[in-house]
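**Student:** Quick one: structure below, then a few questions.
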Amino acid sequence: MRHCRIPVCAALLLLFALAGPAAAAPEGEMTWGIHISLAPTWFDPAETQGIITPFMVMYAIHDALAKAMPGNPTAPSLAESWQQSADGRVYDFTLRKGVKFHNGEPLTADDVKFSFERYRGASAKTLKERVAAVETPDPLHVRFRLKNPWPDFMTFYTAASGAGWIVPRKYVEKVGEDGYKKAPVGAGPYKFVSFTPGVELVMEAFEGYWRKTPSVKRLVFKVIGDETTRLAALKRGEVDVVYSIRGELAEELQRTPGLTLKPAVIQAPQWTAMLDQWDPKSPWHDRRVRRAANLAVDRKSINEAITLGHSRLTYSIIPSTFDFYWQPPSYPYDPAQAKKLLAEAGYPNGFDAGDYYVDVSYSNVHEVVVNYLQQIGIRAKLIGRERASHWSTYADKKYKNLAYTASGAFGNAATRLESYVVSGGTYVYGGYPDIDSLFKDQAAELDRKKREALLHRIQQLMHERVMFIPIWELAFINGHGPRVQESGLGLIPGHAYSAPYEDVKLKGK
């Protein structure tokens, strides 16, 4: 038997010690019971709609230059660093070396430029109006030149939109737009395996992911639209994590041995939009009617019944955790005053408010809202739609009357106002010139205090004009079963879903 010399053996032992233990290969399968029907549009960063839902998939399949992560709302990811010029007009990104897409292609500056130019989601107009040029000095450097200083560039580019989530140019051009949605390739911790509409999405660990090798081999997102069925699947061990379990079912989950309830207030206000308030012929044109509708809704009772009191009543469409948030006064539950306001507006017997469009996964919340409105004489008919259909129809400006609205996307007060308040916004059916002017002023204001004052003034005007019926800042109530060591729920503050997926673990791993 041949023996190595002592100095050589010592050197080898030192080398192994410095290298550390080899990363364990991913093992096992974790299954989520998803509360909505998934849509291929959410597999493509170019089409992100200003809501949080696409990020449920994007945190798995894709990666961004920077993104919200545990402990850091703008964590360096595909970009290891970036710099802003002194005049605020130039942003230089240095890309991480050695990053590859799932198909083995290297990720380069060309892919970053292509992804930005291809982006057509909710913030596309805002971003592209302000960016003068995207330059690629070399494969690991990207330079954005702005037309004017814009303090929100990083917020819009890396947080509130999909523009900074990178796709492979060569592959997209090879398979085409439709082909890409059918078989997306990204640079995230999990690779796309298969998608069966209305049934499930299957993904497999990408062992070449730059941050770390995922622990779990296979992720399955199983569509289970009914809450009772979702909870039953969790209790039987057919799924490991469930989203959106509310009311009595949440209480049942909480008291079931082996199951863990995971409630979290997320950056997702929900509200009802009165879409016809700009039409002089509509009852909603009268501020008294809009105020009456707000006084008709008992938010505290809805919160206790559906989210076990965990939701936060803020009376705003802006998350209370966002920069530049302004706290408006509350709307007390006062049906008598609501009826009086309706009578003063010329509707002593109420009126027919027509269709009230909702994301079907929140029908139970808005059935209660409809009942409260009915009690003061505002009669509306609830129309439930699958989430993808609801938001695409909403953005196409095809709705009238009333519509459920919400957003859990990352950002700040300005990013929410851009999509939901300012004229021309993706989900805006009318506007006010003074609000539009203030929004334009704040976008160019570099003094933080002055900018805050402008954004606060916009929110004050929104409240004075009673533009919305805010319901709550949602407590998203999820749960997981006994096989789960780390569900990923709540690791990223304010984020609705499990993430980062490379951190999720099964017990015994």
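**Student:** Out of all the residues in the stretch 438-453, is one or more assigned to a loop (DSSP other than H, G, I, E, B) and among the polar types (S, T, N, Q)?
**Tutor:** No: the stretch 438-453 contains no residue that is assigned to a loop (DSSP other than H, G, I, E, B) and among the polar types (S, T, N, Q).
**Student:** Right, another one. Considering the stretch 26-43 alone, what residues qualify as being under 16 Å from ARG387 (Cβ atoms) and either buried (at least 24 other Cβ atoms within 10 Å of the Cβ) or not hydroxyl-bearing (Ser, Thr, Tyr) (or both)?
**Tutor:** Across the stretch 26-43, the qualifying residues are TRP32, GLY33, ILE34, HIS35, ILE36, LEU38, ALA39, PRO40, TRP42, PHE43.
**Student:** Sticking with this one: Any residue that is without any contact (Cβ under 8 Å) to a residue 60 or more places away in the chain and among the hydroxyl-bearing types (Ser, Thr, Tyr) - is there at least one of those in the stretch 322-330?
**Tutor:** yes
**Student:** Here's another thing I want to ask about it. Here is a list: LEU308, LEU342. Which entry is more than 19 Å from TYR427 (Cβ to Cβ), crowded, with 16+ Cβ neighbours inside 10 Å and at pLDDT below 95?
**Tutor:** LEU308 is the lone residue from the list that is more than 19 Å from TYR427 (Cβ to Cβ), crowded, with 16+ Cβ neighbours inside 10 Å and at pLDDT below 95.
**Student:** Here's another thing I want to ask about it. Checking the condition at pLDDT 95 or above, under 27 Å from ARG246 (Cα atoms) and part of a loop (DSSP other than H, G, I, E, B), which residue from SER316, SER301 passes?
**Tutor:** Within the list SER316, SER301, the selection yields SER316.
**Student:** So, one more: Kindly establish whether LYS339 is among the charged types (D, E, K, R), over 22 Å from VAL368 (Cβ atoms) and touching a residue at least 40 places away in the same chain (Cβ under 8 Å).
**Tutor:** no
**Student:** Here is a further query. Looking only at the stretch 204-252, which residues are in a helix (DSSP H, G or I), in contact with a helix residue (DSSP H, G or I) (Cβ under 8 Å, 6 or more places away or on another chain) and surrounded by 23 or more Cβ atoms within 10 Å (Cβ to Cβ)?
**Tutor:** LEU234
**Student:** Being among the hydroxyl-bearing types (Ser, Thr, Tyr) and at pLDDT 95 or above is the filter; apply it to the stretch 398-414 and report the residue that is surrounded by the fewest Cβ atoms within 10 Å (Cβ to Cβ).
**Tutor:** Result: TYR399.
**Student:** If I filter the stretch 171-189 for residues that are in a loop (DSSP other than H, G, I, E, B) and among the charged types (D, E, K, R), do I get at least one hit?
**Tutor:** no
**Student:** Also, quick follow-up: Which condition number does GLU418 fail, the rest of (1) farther than 27 Å from ALA264 by Cα; (2) within 21 Å of the chain's Cα centre (by Cα); (3) in a helix (DSSP H, G or I); (4) not hydroxyl-bearing (Ser, Thr, Tyr) being met?
**Tutor:** (1)
**Student:** Still on this model: Check LYS182, LYS262 and return the single one that is exposed (fewer than 15 other Cβ atoms within 10 Å of the Cβ) and touching a residue at least 24 places away in the same chain (Cβ under 8 Å).
**Tutor:** Result: LYS182 is the single residue among LYS182, LYS262 that is exposed (fewer than 15 other Cβ atoms within 10 Å of the Cβ) and touching a residue at least 24 places away in the same chain (Cβ under 8 Å).
**Student:** Quick one: count up the residues across the stretch 75-97 that are among the small types (Gly, Ala, Ser), in a loop (DSSP other than H, G, I, E, B) and surrounded by fewer than 16 Cβ atoms within 10 Å (Cβ to Cβ).
**Tutor:** Total satisfying the criteria: 3.
Listed here are the residues, each with its yes/no results for (1) outside the structural domain of SER244 (by TED's automatic domain parsing); (2) in a helix (DSSP H, G or I); (3) farther than 30 Å from THR229 by Cβ.
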position: GLN327; (1), (2), (3): yes, no, yes
position: TYR333; (1), (2), (3): yes, no, yes
position: LYS340; (1), (2), (3): yes, yes, yes
position: ALA353; (1), (2), (3): yes, no, yes
position: VAL358; (1), (2), (3): yes, no, no
position: SER361; (1), (2), (3): yes, yes, no
position: ASN364; (1), (2), (3): yes, yes, no
position: TYR372; (1), (2), (3): yes, yes, no
position: LEU382; (1), (2), (3): yes, no, no
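**Student:** Still on this structure: Just wondering, is there one or more residues in the stretch 349-367 that are touching a Pro at 6+ places or on another chain (Cβ under 8 Å) and of a type outside the set (A, V, I, L, M, F, W, C)?
**Tutor:** No: zero hits.
**Student:** Let me ask something else. When the residues of the stretch 356-397 are filtered to those that are charged (D, E, K, R) and under 14 Å from TRP271 (Cα atoms), which remaining residue is surrounded by the fewest Cβ atoms within 10 Å (Cβ to Cβ)?
**Tutor:** Applying the filter and picking the extreme gives GLU367.
The values are calculated or read from the model by the stated rules, or taken from the named source; none is laboratory data. In this text the structure is predicted, and so the values were computed from the model without any measurement. When we count neighbours, we look across all protein chains shown, and the Cβ atoms used for this are built from the backbone with ideal geometry, even at glycine.
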